[in-house]
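Peer 1: Following this message is one structure expressed as structure tokens.
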Amino acid sequence: MNIARVPRIRLAHLPTPLEPMRRLSEALGGPNLWIKRDDCTGLATGGNKTRKLEFLMAEAVAQSADTVVTVGAYQSNHVRQTAAAAAKLGLACEVVLEHRVPHPDSDYLRSGNRFLNDLFLATTHEVETGGQPKERMKEVGEACRARGAVPYLIPGGGSNTTGALGYALCAQELLYQAAELDLRIDGVVHATGSAGTQAGLVAGLEALNSHVPVLGISIQRKNDEQLPKVRTLVDAMADRLEVRGGIDDTRVQVNDNYIGPGYGYSSEAMVEAIRMCAELEGLLLDPVYSGKGMAGLIDLCRRGHFKKDENIVFIHTGGSVSLFAYLETFRRDGAPAES
Ligand SMILES: *Cc1c(COP(=O)(O)O)cnc(C)c1O
């Protein structure tokens, strides 16, 4: 795996810590749970998109772009990290926000990532539920060109073969850390959405001849859609990293049991997972991604999916800023609200 020559701009605080979750492991009666703190990548409260943006922003700069354009859900962590990266590099940023969660309350509309986008001076365009956010992003790009700007378009979640390189590097970082700690990693679990995190990890591990299984907990799509989405990007990454012989289907695993009512909607399991990590580990997860990913991990532990002496690493992909968009969900005096 040689990505040393690919243009990259350092934006993340790396390596992110790899830490044991002792009290959570004990509460569940095993396995040994570890957490890779990609919520601590450092850029504007961190998260997994920062690793991708190191490669994406470098490509933007190499193409002499003066404006980055991207797209995401209304409370997108990807959009927030992109807006922050653009600010840091002195580029303009235009973002298309999709109202993917209907009937949100005022915290959802004003706080969390949405609030931070404004601080970074991102220009926002909104698309209603059921609208065409990707088409809107292209239009915004065209409008930039029409006025003489040079736009660089970043797909949702930064998930293409450039962005996913960030997670191929993360795979390498994780293996180095495990070697240093003399830790045998038996499995990696994380929340999967636009698939760049999983594709980068899977292809990166394969390129390094590691057979650690990676399980993506889907937060939006059922397996019939999510699996092919991950598979397609894994294949493209296998090409990009020149993994000989391609990557076997058994390496691409997704579990869609923890989506709850839908993307961005609360589920009881998500609330429980967030509370457990807060109360037992002093850790902040998020309601949309890492909370549901952790809900999956906790349930799989309870079901005996892992052996008690296995070492399982949860990749904390960040997002806790959006907790502030979900205050009602976590109220203790009364039933949690819908959104
Ligand atoms: C984007 C995101 C994910 C999902 O990563 P993908 O690469 O899009 O699959 C997981 N967790 C958080 C907090 C995210 O913002």
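Peer 1: Any residue at all in the stretch 233-254 that's assigned to a strand (DSSP E or B) and in contact (Cβ under 8 Å) with a residue 12 or more places away in the chain?
Peer 2: Yes: one or more hits.
Peer 1: Here is a further query. Considering only residues that are surrounded by fewer than 19 Cβ atoms within 10 Å (Cβ to Cβ), free of Cβ contacts under 8 Å to residues at least 40 places away in the same chain and either assigned to a loop (DSSP other than H, G, I, E, B) or of a type outside the set (D, E, K, R) (or both), which ones fall in the stretch 268-290?
Peer 2: Once the filter is applied, which keeps residues that are surrounded by fewer than 19 Cβ atoms within 10 Å (Cβ to Cβ), free of Cβ contacts under 8 Å to residues at least 40 places away in the same chain and either assigned to a loop (DSSP other than H, G, I, E, B) or of a type outside the set (D, E, K, R) (or both), the stretch 268-290 yields 269, 278, 282.
Peer 1: State all residues of the stretch 50-78 that are over 15 Å from the mean Cα position of the chain (by Cα) and acidic (Asp, Glu); if no residue qualifies, say none.
Peer 2: 59, 66
Peer 1: Can you tell me how many residues in the stretch 65-98 are under 23 Å from residue 39 (Cα atoms), of a type in the set (Gly, Ala, Ser) and in a strand (DSSP E or B)?
Peer 2: Residues in the stretch 65-98 being under 23 Å from residue 39 (Cα atoms), of a type in the set (Gly, Ala, Ser) and in a strand (DSSP E or B): 2 in total.
Peer 1: Further question on the same structure: Quick check, is residue 299 more than 16 Å from the ligand (Cβ to nearest atom), more than 23 Å from residue 38 (Cα to Cα), out of contact with any Gly (no Cβ under 6 Å at 6 or more places or on another chain) and not small (Gly, Ala, Ser)?
Peer 2: Judged against the criteria, residue 299 is not a match.
Peer 1: Hey, can you tell me all the residues within the stretch 165-184 that are under 21 Å from the mean Cα position of the chain (by Cα) and not aromatic (Phe, Trp, Tyr)?
Peer 2: 165, 166, 168, 169, 170, 171, 172, 173, 174, 175, 177
Peer 1: Taking into account only those residues within the stretch 13-24 that are without any contact (Cβ under 8 Å) to a residue 40 or more places away in the chain and touching a Cys at 6+ places or on another chain (Cβ under 8 Å), which is surrounded by the fewest Cβ atoms within 10 Å (Cβ to Cβ)?
Peer 2: 17
Peer 1: Filter the stretch 196-216 down to residues that are under 17 Å from residue 296 (Cα atoms) and aliphatic (A, V, I, L, M), then give me how many there are.
Peer 2: Within the stretch 196-216, residues that are under 17 Å from residue 296 (Cα atoms) and aliphatic (A, V, I, L, M) number 2.
Peer 1: Still on this structure, please answer the following. Can you tell me how many residues in the stretch 4-20 are of a type in the set (Gly, Ala, Ser) and under 16 Å from residue 39 (Cβ atoms)?
Peer 2: Total meeting the criteria: 1.
One line per residue, one yes/no per condition, for (1) among the aromatic types (Phe, Trp, Tyr); (2) over 26 Å from residue 265 (Cβ atoms); (3) in contact with a Phe, Trp or Tyr (Cβ under 6 Å, 6 or more places away or on another chain); (4) in contact (Cβ under 8 Å) with a residue 24 or more places away in the chain:
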{"residue": "11", "(1), (2), (3), (4)": "no, yes, no, yes"}
{"residue": "26", "(1), (2), (3), (4)": "no, yes, no, no"}
{"residue": "37", "(1), (2), (3), (4)": "no, yes, no, yes"}
{"residue": "87", "(1), (2), (3), (4)": "no, yes, yes, yes"}
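Peer 1: Further, regarding this structure: Is it true that some residue in the stretch 239-248 is within 13 Å of the ligand (Cβ to nearest atom), modelled with pLDDT of 95 or more and crowded, with 18+ Cβ neighbours inside 10 Å?
Peer 2: No, the stretch 239-248 has no match at all.
Peer 1: Quickly run through the stretch 176-218 and pick out the residues that are part of a helix (DSSP H, G or I), away from the ligand (no atom under 16 Å from the Cβ) and touching a residue at least 40 places away in the same chain (Cβ under 8 Å).
Peer 2: Within the stretch 176-218, 176, 177, 178, 181, 206, 207 qualify.
Peer 1: Moving on to the next point. Return only the number of the condition from (1) out of contact with any helix residue (DSSP H, G or I) (no Cβ under 8 Å at 6 or more places or on another chain); (2) at pLDDT 95 or above that residue 78 does not satisfy.
Peer 2: All conditions are met except number (1).
Peer 1: Being surrounded by 16 or more Cβ atoms within 10 Å (Cβ to Cβ), under 25 Å from residue 205 (Cα atoms), aliphatic (A, V, I, L, M) and within 17 Å of the chain's Cα centre (by Cα): is that true of residue 294 here?
Peer 2: The answer is yes for residue 294.
The values are calculated or read from the model by the stated rules, or taken from the named source; none is laboratory data. Please read these numbers as outputs of a predicted model, since none were measured by experiment. Methodologically, a virtual Cβ is constructed for each residue, glycine included, from the backbone with ideal geometry; neighbour enumeration extends over all protein chains shown.
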